[in-house]
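Note sheet for the following structure.
The values are calculated or read from the model by the stated rules, or taken from the named source; none is laboratory data. These numbers come from a predicted model, not from an experiment. Every residue, glycine as well, gets a Cβ built from its backbone with ideal geometry; the counts of neighbours run over all protein chains shown. Ligands, DNA and RNA are stripped out before the accessible areas are found, and what is left, the full protein with its side chains, is counted by its heavy atoms. Shrake-Rupley method; radii C 1.70, N 1.55, O 1.52, S 1.80 Å.
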Amino acid sequence: MMNNVLIVTSSALGEHSASSRIAGELESLIGIANPGAGIVRRDVGAEPIPHLVPATVGAIRGGDETEAQQRTLELSDRLIAELEAADLIVIASPMYNFGISSTLKAWFDHVLRAGITFRYTDSGPEGLLTGKKAVVIESRGGFYSDGPAAAMNSQEPHIRTLLGFIGIDDVTFVRAEKLAFGPDAAEASIARAIAELSAFAGQELALAA
Ligand SMILES: Cc1cc2nc3c(=O)[nH]c(=O)nc-3n(C[C@H](O)[C@H](O)[C@H](O)COP(=O)(O)O)c2cc1C
């Protein structure tokens, strides 16, 4: 049973965003399979998390001496609480300049916290947010699944590393590519991504309910 779902969207395109649209479709599928699920939406594209700066970065190590640090610590704690409460985390990630958007990166910068979401042990770092699933929707203007551009894709490996570092290693990636190849190619790609998510929802969500 999916009790709690966190949906993080991170596009600059607002209502025109492909990744947010696909995430919205998944949200509907989740709602149908799990009528009682609690769904929390965090749109870091529309409401960006501030970058860490000299006055605030200490908060990530727990510093709370100044007002600026206290505000950052509160935000980081709130974002982590949303993650901790979620059984399923949906991340909608547009590819910007071959990687994740800076707004999604700023979110990760606030939720990877030593001693809270991961810890250092004698045998290396250990993720502490275990027992969760994630679905990552990746939208891209080009095509990176195969061929010469595959090596330029630093979006998917980066997200896999970031989630894995905090203990989330059951991750399903769904890609909508060729979105800049004209409207027909874009619609076909978005439809394929939604079909993949329907199959995922049928297997992972309905069975679990
Ligand atoms: C600032 C910016 C940088 C982009 N960089 C890339 C890129 O490196 N590779 C690519 O395939 N598409 C790139 N695109 C295209 C987006 O990936 C594409 O528009 C996609 O639909 C974005 O997802 P969204 O609609 O959810 O925002 C870029 C778009 C923007 C606005």
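Before moving on, here are some points about what is shown:
- Per residue, the accessible area of the range 78-209 comes to 45 Å², computed with a 1.4 Å probe over protein heavy atoms only.
- Inter-part distance where the range 140-168 and the range 36-70 are each reduced to a Cα centre, Å: 25
- All alpha carbon pair distances within the range 97-142 were sorted into 10 Å bins beginning at 0; the resulting P(r) in whole percents reads 19, 41, 31, 9, 0.
- Its residues counted as N, the range 55-174 yields a C-alpha radius of gyration over 2.2 N^0.38 Å of 1.15.
- For the set Arg175, Arg140, Arg61, Arg41, the ranking by accessible area, highest first and with no ligand, DNA or RNA atoms included, is Arg61, Arg41, Arg175, Arg140 under a 1.4 Å probe.
- Net lengthening on full extension, Glu15/Glu47 (0.36 nm per residue, minus Cα-Cα): 10.2 nm
- Close amide H partners of Val135, meaning residues 5 or more places away or on another chain with modelled amide H under 5 Å apart, are Ile89, Val90, Ile91, Thr172.
- The chymotrypsin sites (Phe, Trp or Tyr not before Pro) of the range 172-203 that DSSP puts in a loop, and whose beta carbon has at most 16 other beta carbons within 10 Å, are Phe181.
- Globularity ratio of the range 147-189, using Cα Rg and 2.2 N^0.38 Å: 1.48
- Sites Thr66 and Asp184 - FRET efficiency at Förster radius 41 Å, r taken between beta-carbons, to 0.05: 0.15
- Value in Å of the Kirkwood radius, where the chain supplies the Cα pairs that are averaged: 17.8
- Where both bridge residues fall in the chain, DSSP classifies roughly 15% of the beta bridges as antiparallel.
- Dipole of the chain, positive direction: furthest Cα of Ser19, Ile100, Ala149, with charges on the beta-carbon: Ala149
- Overall form of the range 3-112 per C-alpha gyration tensor (a/c, 1.5; a/b vs b/c): oblate
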